[in-house]
Amino acid sequence: MSEQTSQQVPITATNKVRTANRANYDRQTIHAILDDGLIAHVAFSLDDQPFVLPMAYGRIGDQLYIHGAKGARMFKALKKGLPICINVTIVDGFVVARSAFHHSMNYRSANIHGIGRLVEDRDEKYDALVAVTDHIAPGRWDETRETTDKEINATTVIAVEIETAAAKCRAGMPVDDEEDYATDFWAGIVPIATSFGPAIDDSRLKDGIPVADSIKKLVARR
């Protein structure tokens, strides 16, 4: 049987008090999806035009961080405090039913709603850049040269507090009409997984430099 859940969960102090168990459960579920995802799709409206952009991201507690060039139009707009919707989806399988109508996907998805906030505190900005860098390959930040003040100043970091979050997941086999189970059409699941291939040295890498530990762990992880 399939299992589907969809809940819109305000993550606010008031709601955590009223329904603490539910809020904690949902927070853990949403955090897990965000931590397993690779790309966030960031949606916002500017001058009555909708925009959706794929971006790298990082999470610290209930704060999501995205970053980009200071002169980019998107970040000039977001730092003014625009409402933002962020989606992270992980596809786990193609669900093949006996009828086209009941085909589906197994997936884990989190929708985050919040207000963009320009990160101006230097320590928070530094920590946010570490979080974004280490999101895919934990420990990578410490394996790189020290970031310069010029690079940090040229980068805009936007924080989005998770004010409300919707987690939606599906797992399991197709759910066909009862009469279709007696037919001769194949049904089942085609698993989908993200994997990383062997690391490839930069052509200008100095001789004798081994693959970084964080990258070795990344390649071995999936």
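The values are calculated or read from the model by the stated rules, or taken from the named source; none is laboratory data. Keep in mind the model is a prediction, meaning the values are calculated, not measured. Cβ atoms come from the backbone with ideal geometry, glycine included; neighbour counts cover every protein chain shown. What goes into the accessible areas is simple: the full protein's heavy atoms, side chains included, and nothing from ligands, DNA or RNA. Shrake-Rupley method; radii C 1.70, N 1.55, O 1.52, S 1.80 Å.
Computed values, structure above
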| item | result |
| --- | --- |
| Failed condition for Y65, given (1) part of a strand (DSSP E or B); (2) open to solvent by 20 Å² or more (accessible area, probe 1.4 Å); (3) of a type outside the set (V, I, T) | (2) |
| Cβ pairs under 9 Å, 6+ apart, first in the range 156-172 and over 30 Å from V96 (Cα atoms), second among the small types (G, A, S) and open to solvent by 10 Å² or more (accessible area, probe 1.4 Å) | T156/G68; T156/A69; T156/G71; T156/A72; V157/G68; I158/G68; I162/G61 |
| Lone unmet requirement of (1) touching a helix residue (DSSP H, G or I) at 6+ places or on another chain (Cβ under 7 Å); (2) open to solvent by 40 Å² or more (accessible area, probe 1.4 Å); (3) over 23 Å from H41 (Cβ atoms); (4) not acidic (D, E) for W141 | (2) |
| All positions within the range 186-197 that are surrounded by 11 or more Cβ atoms within 10 Å (Cβ to Cβ), modelled with pLDDT of 95 or more and assigned to a loop (DSSP other than H, G, I, E, B) | A187, I192 |
| From D92, D123, residue being free of Cβ contacts under 8 Å to residues at least 40 places away in the same chain and either open to solvent by 40 Å² or more (accessible area, probe 1.4 Å) or part of a helix (DSSP H, G or I) (or both) | D123 |
| Residue in the range 160-179 that is part of a helix (DSSP H, G or I), more than 28 Å from N111 (Cα to Cα) and open to solvent by 90 Å² or more (accessible area, probe 1.4 Å) present | yes |
| Residue match in the range 55-63 (condition: farther than 26 Å from Y126 by Cβ and at pLDDT 90 or above) | no |
